Each structure stands twice: as C-alpha cells, then as structure tokens.
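See structure below.
The values are calculated or read from the model by the stated rules, or taken from the named source; none is laboratory data. Everything numeric here is computed off the predicted structure, so don't read it as measured data. So basically every Cβ, Gly included, is an ideal-geometry build from the backbone, and we count neighbours across all protein chains shown. When the accessible area is computed, the model is the full protein with side chains, heavy atoms only, and any ligands, DNA or RNA have been set aside. Shrake-Rupley method; radii C 1.70, N 1.55, O 1.52, S 1.80 Å.
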Amino acid sequence: MTSHRQIFKSTAIVGGASVINIAIGIIKVKVLAVLLGPSGVGLMGLYQNIMGMGATLAGCGIASSGVRQLAVSAGEAEILAVVRRALWQGNLILGIVGMFVLWLLREPVAQWVFGDAAHMGEVGWLGVGVLLTLIAGSQTALLQGLRRIGDLARVTVISASFSAAAGILLVYWLGQAGVIWVVLVAPAISIVVADYYA
C-alpha cells in the first residue's frame, strides 16, 4: 500500500510539473511568435531539433544508464560517489566530443537542414548547446536516480520559467539574431538550477 501511495505521489508531482512546463512553453512560444513571426519560431524549432539530435547522438544513452546505476548504489556512499563522478565525466567528455563534431560538420548540417550554408555559424554554436545539454542531463539524472522527485520537478519548473523569461528578453533585445541564444540559454539555466539542487 505504501509503495502504491508513493508511486501515485511521484506521478502527481511529475505530472503537475509537466503541465506547468507545457503552459510556460505555450506562453513563451506565443510571445516569441508575436515578436518574431512564424519564420522566427520555425527557425527556433529547427535549432532545437539540431541541438536535441546532437545531444542524443553524443550522449550515447549514458544518462539512462547513470539513473539505473545511481538507483542501485543509492545506499552505498562510496559506490555512489564513483557512479556520480563517472556520470559527470562521461557526459563532459561526450559533450565536448559532440560539440567539436557538430562544429566540424556545421556546413553540411546547415546545407542539409536549411538548403544553404547561411546558418552555418549558428549551427556551429549549437555544439555548445550539445555540451550544455549533456551536463544538465548528468545533474537531472542524479536527482532522478536518487529518487528526489520533488527536486526534479522544481528544477523542471524553475528552469522553464527562467529560460522563457531570458528567451523573451533576448529576442526583444536582439530580434531574430537572438533566436540562437534562446536555444542555448535553456540548457545553461538548467545547469545552474539543477546544480543548486544536486
């Protein structure tokens, strides 16, 4: 009975955080659509997809493995410290490799996605986003593996709120040139917020 109650509570917390996150995302996209127009929002979506695909490929599933290993070793401090260090270093190394690979392939990726090399520089900058995404992933994996569901929900909501506010300000200030920074600021804020809780 206790485990069922715990599962229900965890599901309610994660579900509530997801609903708030979605609401923040809708408001953010609506405001950005007003500021940038449909082409700017489409450009942001393409940048997010490139960065997301790069992070998925570079990450090699290490975050999922890390969650599993952290959950198994939660009661043993020494093993937990080793797993935590390995998760952090693994994500850092894979993130650096992913960043450089995307930088080196920025021209063919830009050609493939946009049909020309005009956005080549921005695609190169998305490599930094790949690194930041993997570092943020190692911190959220730690919270998830140690079953700190409340903290994980807080990180999700606070990160989304600050990312939305920062993104809107950047686009208001820089216009279409700020779209790349909107994409990059989200994982950077996640790192700061998750580091506080982790």
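Here are some notes:
- Since only TRP173, LEU146, GLN6 are under comparison, the one whose Cα sits farthest along the positive direction of the charge dipole of the chain, derived from C-beta charges on Lys, Arg, Asp and Glu, is GLN6.
- Approximating the spin labels as points 7 Å out from Cα along Cα→Cβ, the VAL113-to-MET53 distance works out to 0.8 nm.
- Taking all Cα pairs closer than 8 Å and separated by 6 or more residues, the relative contact order of segment 7-126 comes to 21 percent.
- Report summary: the helix-based calculation at 222 nm, which adds -39500 (n - 2.57) for every DSSP H run with n ≥ 4 and divides by the residues of the chain, gives -31000 deg cm²/dmol.
- Take the chain with all the other protein chains still there, run a 1.4 Å probe, and you get 55 Å² of accessible area per residue.
- Reciprocal mean inverse distance between Cα atoms of segment 110-198 - Kirkwood radius, Å: 14.1
- Largest to smallest accessible area among LEU92, LEU57 [probe 1.4 Å]: LEU57, LEU92
- Accessible surface of the chain [probe 1.4 Å, protein heavy atoms]: carbon and sulfur percent: 69
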